[in-house]
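**Student:** Below is the structure I would like to discuss, written out as structure tokens.
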Amino acid sequence: MLVGAHVSAAGGLLSALRRGEELGADAVQIFTQSPRAWRPPAHDPDALAAYRAAQAAHPSVRATYCHATYLVNLAAADGELRARSAATLIANLRTATAIGSSGLVLHVGSHRGAGLDGFLAEIAGVLVGACDAVTEELGEPACPLLVENAAGAGGTVGRDFAELARILAAAGDDDRLGVCLDTQHLFASGVSYATPEEADSVLDALERSVGVERVVCLHLNDSKVPLGANRDRHENLGEGAIGAEALSLLLAHPRLRAGAALLEVPGDGDGPRAEDVTLARRILAEGRARWAARPRVRSAPARAPRRG
């Protein structure tokens, strides 16, 4: 499993690789545009190709993941907002694919209490349609589109594995769609993994719902809020309510074969630091040692990150 971090792409896309290297990261995650703006930047095709080539040849940063803008809401009651969200998603997926990203992570949005049933078919249609549109436009398969689990606030979509599974099923279990599992969101939604038995239960639930093989990457975060608080509040590893030991049990679980664990922690206020990446690797190693000392469990095959 690669250990990486969300980094800024300010100053040009290639700066993200430099920042990842400075952190000692195996992988980086970037926004393809401002996370709180609708208008996507007009990326020069040569700049996109240059990033793709630099990523493929980079000696230490081995994969790039992208994150879609937070404004996307595929479950909005307002039809104009849904249409704008779909167009923005396509733009984000186009950029992510062009740079050879291993996946584009997406917050599906919120139905604001109206319930998922009325939006499920449309959400699935937009996800599949975005993949089709980018594939046709670029003449190559769209990079994986990864639906992220939510912390459970209000009417957010993806508040549990069952909702994620319903989205994937409604999309015909399209193999271009996968899941990004956020450790803080999982904890905030009421799921504990503080013991080996609880971590096993999480993996059992994943297998029964979305399928462990659909978990392409993790967002590795501790939590500022307690179990079941239903709030999205990240904390530095080992400094929050989850704790390093519980994180190690989930991160290193023998049945979890995600391609990368990506830090989205606050650091000193400017995002992940080199010391956070080092600690993440130590937590992963400690988790592997804990599981190695226990009876063997069934493993799922690894899903390697896609390279450009």
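Just so you know, all these numbers are worked out from the coordinates, no wet-lab data involved. Worth saying up front: this structure is predicted, and the values here are computed from it rather than measured. Virtual Cβ from ideal backbone geometry, glycine too; neighbours counted across all protein chains shown.
**Student:** I need the P(r) histogram for region 1-159: all alpha carbon pairs, bin width 5 Å from 0 out to the longest distance, whole percents.
**Tutor:** P(r) for region 1-159, in whole percents per bin: 2, 10, 18, 22, 19, 14, 9, 5, 2, 0.
**Student:** Taking the radius of gyration and the Kirkwood hydrodynamic radius from Cα positions alone, what is the Rg/Rh ratio for region 103-258, to two decimal places?
**Tutor:** 0.98
**Student:** For region 276-293, in order, what is each residue's ³J(HN,Hα) by Karplus, 6.51 cos²θ - 1.76 cosθ + 1.60 with θ = phi - 60°, in whole Hz (x at glycine and Pro)?
**Tutor:** 5, 5, 4, 5, 4, 5, 5, 4, 4, 5, 5, x, 4, 5, 5, 5, 5, 7
**Student:** Name the residue, out of Arg36, Arg94, Arg231, whose mean-square fluctuation peaks in a Gaussian network model built on the chain with Cα pairs under 10 Å.
**Tutor:** Highest fluctuation among the options: Arg36.
**Student:** Follow-up question, since we're still on this one. Hey, got the dipole for region 167-308? About the Cα centre, +1 on K and R Cβ, -1 on D and E Cβ, debye to the nearest 20?
**Tutor:** 580
**Student:** Please work out which option in (i) 32, 56, 12, 0; (ii) 33, 59, 8; (iii) 36, 60, 4 gives P(r) over Cα pairs in 20 Å bins from 0, in percent calculated from these coordinates, and answer with its label.
**Tutor:** (iii)
**Student:** Would you mind calculating the relative contact order of region 227-281 from Cα pairs under 8 angstrom and at least 6 residues apart, reporting the percent as a whole number?
**Tutor:** Once divided by the residue count of region 227-281, the mean separation gives 35 percent.
**Student:** Sticking with this structure for a sec: Compute, for the chain, the length of the dipole vector about the Cα centre, with Cβ point charges of +1 (Lys, Arg) and -1 (Asp, Glu) only. Units Debye, rounded to 20.
**Tutor:** Here the size comes out at about 420 debye.
**Student:** I've got another one for you. Given a cut-off of 16 Å, what percent of all Cα-Cα pairs of region 34-109 lie beyond it?
**Tutor:** Everything past 16 Å amounts to 52 percent.
**Student:** Still on this structure: Calculate how many DSSP beta bridges within the chain are antiparallel, expressed in % of all such bridges and rounded to the nearest 5.
**Tutor:** Antiparallel: roughly 10 percent of the beta bridges in the chain.
**Student:** Okay, next question. Take every Cα pair under 8 Å in the chain that's 6+ residues apart, average their separations, divide by the length, and report that relative contact order as a whole percent.
**Tutor:** It rounds to 18 percent for the chain.
**Student:** Go ahead and estimate [θ] at 222 nm for the chain from helices alone: -39,500 (n - 2.57) per DSSP H run with n ≥ 4, summed, over the residue count, rounded to 500.
**Tutor:** Counting only the DSSP helices, I get -12000 deg cm²/dmol.
**Student:** Could you give me the ³J(HN,Hα) list for region 244-259, computed from phi with Karplus coefficients 6.51, -1.76, 1.60 and θ = phi - 60°, whole Hz, x at Gly and Pro?
**Tutor:** 5, 5, 5, 4, 5, 5, 7, 4, 9, 4, x, 8, 9, 10, 5, x
**Student:** I want the antiparallel fraction of DSSP beta bridges within region 54-184, as a percent rounded to 5.
**Tutor:** 10
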